[in-house]
Amino acid sequence: MGENFQMYKKFLLIELPRELDQYQADKIKRECEILFLDQWVKNIVLDFKETEMMDSSGVGMIIGRYKQVSALGGKIYVIHMNKVIRKVVQISGLYKIIKELEDLDAAKKCIS
Amino acid sequence: MMTTNQVTVEFVSNPENEKLARVMISAFSTILDPTLEEMADMKTAVSEAVTNAIIHGYEKKRGMIRMELQRKNRTVIVKIADKGEGIENIEKAMEPLFTTKPDQERTGMGFSFMEAFMDELDVVSKVGEGTTVTMKRTIPKREQYRK
């Protein structure tokens, strides 16, 4: 499991890179595919605290993970989005399939 | 209008170079003192254009991508050109959510993002010869003490 991945009881936390482009999105997708083979992942929390840029490849990667977890009745949660990332989430329509939470503590409380 | 500054770079169609392209536009535009948001917009648009050249233009092959940066007063003009496959139907390709590669988690949002994040977008393409994307963005002068 990559160093930016952490398994919690109820969710997988992914700390996203500074720039979420095609290169980084592919890397996360591959790591998820390996992890999903032997771990039961129902919910994913994406932490944007380090992320300063995301393009449509990043959006595609998030939609791909959404398809995987929603098939299991799970959800995608996001924390620490800045203004720039929020704009991309708005324009892409991604906000319709993700739920924003304040921080990791909120995620621990609210995800069951 | 006379060109104030111009830089051209060429790089191979390796996804690693998307970052390089973003650093290029960022360094080139710094003199205009853009806001963080304006800078992120331009970087995202460039990222989309270079991704398209790599994924669609050259697919699994390797080829060269030419990035031309121009500045006319406060307008940044960026041209991304490949000599790849070209686009058969530009109108269709520019439709939101249209993609030829849905299986690879491509969203079909590339051109929409370029349009949303830049002031102007122009796409010229010929099948078998390649694609050139030209984008413009004007960075307004900021008041010295504006917050």
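Can you pull out the residues in region A:5-57 that are polar (S, T, N, Q) and either on the phi > 0 side of the Ramachandran plot or in contact (Cβ under 8 Å) with a residue 24 or more places away in the chain (or both)?
A:Gln22, A:Gln24, A:Gln39, A:Asn43, A:Thr51, A:Ser56, A:Ser57
Quick one: in region A:82-104, which of the residues that are over 17 Å from B:Pro96 (Cα atoms) and assigned to a loop (DSSP other than H, G, I, E, B) is nearest to the other protein chains (Cβ to nearest Cβ)?
The extreme case among them is A:Asn82.
If I go through region B:1-25 residue by residue, how many of them are away from every other protein chain (no Cβ under 14 Å), hydroxyl-bearing (Ser, Thr, Tyr) and part of a loop (DSSP other than H, G, I, E, B)?
Counting residues in region B:1-25 that are away from every other protein chain (no Cβ under 14 Å), hydroxyl-bearing (Ser, Thr, Tyr) and part of a loop (DSSP other than H, G, I, E, B) gives 2.
Please indicate, with yes or no, whether at least one residue in region B:54-68 is assigned to a strand (DSSP E or B), surrounded by fewer than 22 Cβ atoms within 10 Å (Cβ to Cβ) and within 14 Å of the chain's Cα centre (by Cα).
yes
Give region A:85-112 a look and list any residue that's surrounded by fewer than 17 Cβ atoms within 10 Å (Cβ to Cβ), under 14 Å from A:Asn43 (Cβ atoms) and among the small types (Gly, Ala, Ser), or say none.
Residues satisfying the conditions are A:Ala106, A:Ser112.
Determine which single condition B:Ala49 fails, assuming it passes every other condition in (1) over 18 Å from B:Asp119 (Cβ atoms); (2) within 14 Å of chain A (Cβ to nearest Cβ); (3) touching a strand residue (DSSP E or B) at 6+ places or on another chain (Cβ under 6 Å).
(1)
Quick one: is B:Met64 closer than 21 Å to A:Thr51 by Cα and either in contact with a Ser or Thr (Cβ under 8 Å, 6 or more places away or on another chain) or away from every other protein chain (no Cβ under 14 Å) (or both)?
no
Based on what the data block shows, is B:Thr44 facing chain A (nearest Cβ under 10 Å) and of a type in the set (S, T, N, Q)?
Taking the combined requirement at face value, the residue satisfies it.
Filter region B:26-40 down to the residues that are surrounded by fewer than 23 Cβ atoms within 10 Å (Cβ to Cβ) and within 12 Å of another protein chain (Cβ to nearest Cβ), then identify the one that is nearest to B:Arg66 (Cα to Cα).
Looking at residues that are surrounded by fewer than 23 Cβ atoms within 10 Å (Cβ to Cβ) and within 12 Å of another protein chain (Cβ to nearest Cβ), I get B:Ser26.
Could you tell me whether B:Met64 is at pLDDT 95 or above and touching a helix residue (DSSP H, G or I) at 6+ places or on another chain (Cβ under 7 Å)?
When the stated conditions are applied, B:Met64 does not pass them.
What's the number of the condition B:Thr8 fails, among (1) loosely packed, with under 15 Cβ neighbours inside 10 Å; (2) under 30 Å from B:Lys60 (Cβ atoms); (3) free of Cβ contacts under 8 Å to residues at least 60 places away in the same chain; (4) polar (S, T, N, Q)?
Condition not satisfied by B:Thr8: (3).
Scan (1) away from chain B (no Cβ under 14 Å); (2) farther than 22 Å from B:Lys19 by Cβ for the single condition A:Tyr66 breaks and write down its number.
(1)
State the number of residues belonging to region B:78-134 that are away from chain A (no Cβ under 13 Å) and at positive phi.
3
The values are calculated or read from the model by the stated rules, or taken from the named source; none is laboratory data. Being a predicted model, the structure only gives us computed values, none of them experimental. Neighbour counts run over all protein chains shown; Cβ positions are idealised from the backbone, glycine included.
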